[in-house]
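Engineer: Before I ask anything, let me first share the structure, which is written out below as structure tokens.
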Amino acid sequence: MPKPTSPPHGRIADFAPLKGGLPAAYLQFLKDNEHVEKWENVIPLEEPIETKGVACPMPWDTISKLAHYAANLPGACKEVEWGNELAPFAGLRYAYTRLQQHAHLLSALENLLPTLAIAPTGIVEIGCFTGGLIHFLAREMPSIEVVGFDISPIALDVAAMLAERLTPDHRPRFLSADFALVRPEIIPEEAKKAFERPVILLTNVLHAIGQQLSFSPAVSQAHAEAGLISYWVNHGALVIVCERGDDPERSVQEWVDQGRWEGDSCRVEILSDFQCWTTRNMNPDSRLGEWFHSDASVAVFRNNDIWERRNDQEET
Ligand SMILES: C[S@@+](CC[C@H](N)C(=O)[O-])C[C@H]1O[C@@H](n2cnc3c(N)ncnc32)[C@H](O)[C@@H]1O
């Protein structure tokens, strides 16, 4: 088990991928709305944000009994409890703890979007927590539907309250669900357009969903993760995965080998492979978690029959 390290020091702005384009605009957006200048000042809010929703206590006795019938139930319920408890103290501050990953993700998105044959109808972030990234995307992309999914209703309450202030002209739509159980047919009518041809962002959530599902001996974590990515690629999505981990090529290879890919045109590309400051082990005693330095990557999965620009479509 690696030892927790001390937080990074110095100005947040002194970080190379933030020098221009969407990453720099993102940092400015965060600073305008929740001003933090230095890494060491990225700390939880002293007072929780008051939400309209009330977090109900989890009936753990019942959940433990039902775990024999639904293997992912305890994991999913723990995640709801975790999010409900920590989100009011995290607010927009949380986004700073994932800033470097989000910066690489935004850079990748900025380079990728102009190369696509067709515009996405929506940007959907799975596990958006209290937001930051989702609000910024809504502000930057007013012509695209933006949807934030999370399993924690209180995290979404905080995100929705922030949206009223941060992006009043183009609010993201927020949906609370276990993403492992979502299929296009059950998307509510008002969010269907976003799912016609979506860009799906999975940042620091795919492993969590994989773990929740892998309590069944029939399912391995990589199998569950690959199943989720390939399901959505087969349904026309362009899926961007930004996860931490020291061997992105091995993870991508596992997803390729274990996915259920339809047709011959599904492709994957690692767009960026980098190191970042981030936190882990967020809990009530350490609400934004402990800092550590991690490897991370951004990979994109898509079906090229849909997304690839053919020669006759290229700009002259
Ligand atoms: C570690 S946070 C990641 C937040 C953000 N995406 C980021 O860039 O770091 C994981 C988030 O995913 C949510 N989550 C976990 N399991 C989920 C599931 N099965 N379906 C939907 N959201 C889930 C959690 O509630 C939490 O808000």
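Engineer: If the cut-off is 30 Å between C-alpha atoms, which lysines fall inside it for residue 65, apart from same-chain ones fewer than 8 positions away?
Structural biologist: Cα-Cα hits under 30 Å: 78.
Engineer: For the stretch 127-200, what does the alpha-carbon gyration tensor say about shape, rounded, prolate or oblate, given a ≥ b ≥ c as the root eigenvalues, a/c under 1.5 as rounded, and a/b over b/c as prolate? Let's see the in-between values first.
Structural biologist: On the way: a/c = 2.02, a/b = 1.21, b/c = 1.67.
It comes out oblate by the Cα gyration axes.
Engineer: Sticking with this structure for a sec: Distance in nm between label sites at residue 43 and residue 234, each 7 Å beyond Cα in the beta-carbon direction?
Structural biologist: About 5.0 nm separates the two model spin labels.
Engineer: Can you tell me what the convex hull of the Cα atoms of the chain projects to on average, as an area in nm²?
Structural biologist: Numbers: hull surface 69.5 nm².
Projected area, direction-averaged: 17.4 nm².
Engineer: Sticking with this structure for a sec: Would you please classify the overall shape of the stretch 1-118 from the alpha carbon gyration tensor, given that a ≥ b ≥ c denote the square roots of the eigenvalues, rounded means a/c under 1.5, and beyond that prolate means a/b larger than b/c while oblate covers the rest? Write out the running numbers ahead of the final one.
Structural biologist: Values: a/c = 2.17, a/b = 1.60, b/c = 1.36.
Prolate is the answer for the stretch 1-118, as a/c is 1.5 or above and a/b outweighs b/c.
Engineer: Taking the Cβ of residue 202 as the center, what net charge do the other residues with Cβ under 11 Å away carry, scoring Lys and Arg +1 and Asp and Glu -1? Let's see the in-between values first.
Structural biologist: Numbers: positive: none; negative: 125, 225, 243.
Value of the local net charge: -3.
Engineer: A follow-up question, please. Kindly provide the helix-only [θ] at 222 nm of the chain, computed as the sum of -39,500 (n - 2.57) over DSSP H runs of four or more divided by all residues, to the nearest 500 deg cm²/dmol?
Structural biologist: On the way: 11 runs with 116 residues, N = 316.
After summing the helix terms and dividing by the residues of the chain, the value is -11000 deg cm²/dmol.
Engineer: Quick check on packing: order 252-265, 139-152 by the mean number of other C-beta atoms within 10 Å, highest mean leading. Let's see the in-between values first.
Structural biologist: Numbers: 252-265: 15.3, 139-152: 21.1.
Listed from highest to lowest mean packing, they are 139-152, 252-265.
Engineer: Past the 21 angstrom mark, what percentage of all C-alpha to C-alpha distances in the stretch 215-290 do you count?
Structural biologist: On the way: 1217 of 2850 pairs.
Above the 21 Å cut-off, the stretch 215-290 has 43 percent of its Cα pairs.
Engineer: Calculate the FRET efficiency for residue 60 and residue 181 from the Cβ-Cβ distance with a Förster distance of 22 Å, rounded to the nearest 0.05. Show your work: numbers first, answer last.
Structural biologist: On the way: r = 21 Å, r/R0 = 0.95.
According to the calculation, E is roughly 0.55.
Engineer: If we sort 77-86, 272-281, 186-195 on the protection proxy, mean other Cβ atoms within 10 Å, highest first, what's the order? Mind dumping the intermediate values first?
Structural biologist: Working: 77-86: 20.3, 272-281: 16.9, 186-195: 14.2.
Going from most to least packed, we get 77-86, 272-281, 186-195.
Engineer: Using alpha-carbon positions, what is the distance between the centroids of the stretch 228-264 and the stretch 173-198, in Å?
Structural biologist: What the calculation gives is 19 Å, centre to centre.
Engineer: Provide the percentage of antiparallel DSSP beta bridges, counting only those with both residues in the chain; round to the nearest 5.
Structural biologist: On the way: 22 of 41 bridges.
That works out to approximately 55 percent antiparallel.
Engineer: I've got another one for you. Near residue 31, which lysines are there with a Cα under 22 Å away, not counting those fewer than 8 places off in the same chain?
Structural biologist: In chain and number order, the partners are 19.
Engineer: Report the local net charge at residue 37: Lys and Arg +1, Asp and Glu -1, summed over other residues whose C-beta lies under 15 Å from its C-beta. Write out the running numbers ahead of the final one.
Structural biologist: Values: positive: 11, 31, 38, 93; negative: 14, 32, 34, 40.
Local net charge: 0.
Engineer: Quick check: pseudo-label points 7 Å beyond the Cα along Cα→Cβ at residue 216 and residue 286, how many nm apart are they?
Structural biologist: In this crude spin-label approximation the distance works out to 3.4 nm.
Engineer: Grab the other residues whose beta carbon is less than 10 angstrom from that of residue 94, score K and R as +1, D and E as -1, and report the net. List each step's numbers first, then the result.
Structural biologist: Working: positive: 93, 98, 287; negative: 34.
Local net charge: +2.
Engineer: What do you get for Rg/Rh of the stretch 107-159 when both radii come from the Cα atoms and Rh is the Kirkwood radius? It would help to have the intermediate numbers written out before the result.
Structural biologist: Numbers: Rg = 12.2 Å, Rh = 12.0 Å.
On the Cα set of the stretch 107-159, Rg over Rh gives 1.02.
Engineer: Another one. Taking 0.36 nm per intervening residue step and subtracting the Cα-Cα distance, what contour gain separates residue 32 from residue 310 on full extension? Walk me through the intermediate numbers first.
Structural biologist: Working: separation 278, 0.36 × 278 = 100.08 nm, distance 4.08 nm.
Taking 0.36 nm per residue and subtracting the Cα distance, the gain is 96.0 nm.
Since every read-out is calculated from the coordinates, none of them should be taken as a lab result. These numbers were taken from a predicted model, which means no experiment stands behind them. Every residue, glycine as well, gets a Cβ built from its backbone with ideal geometry; the counts of neighbours run over all protein chains shown.
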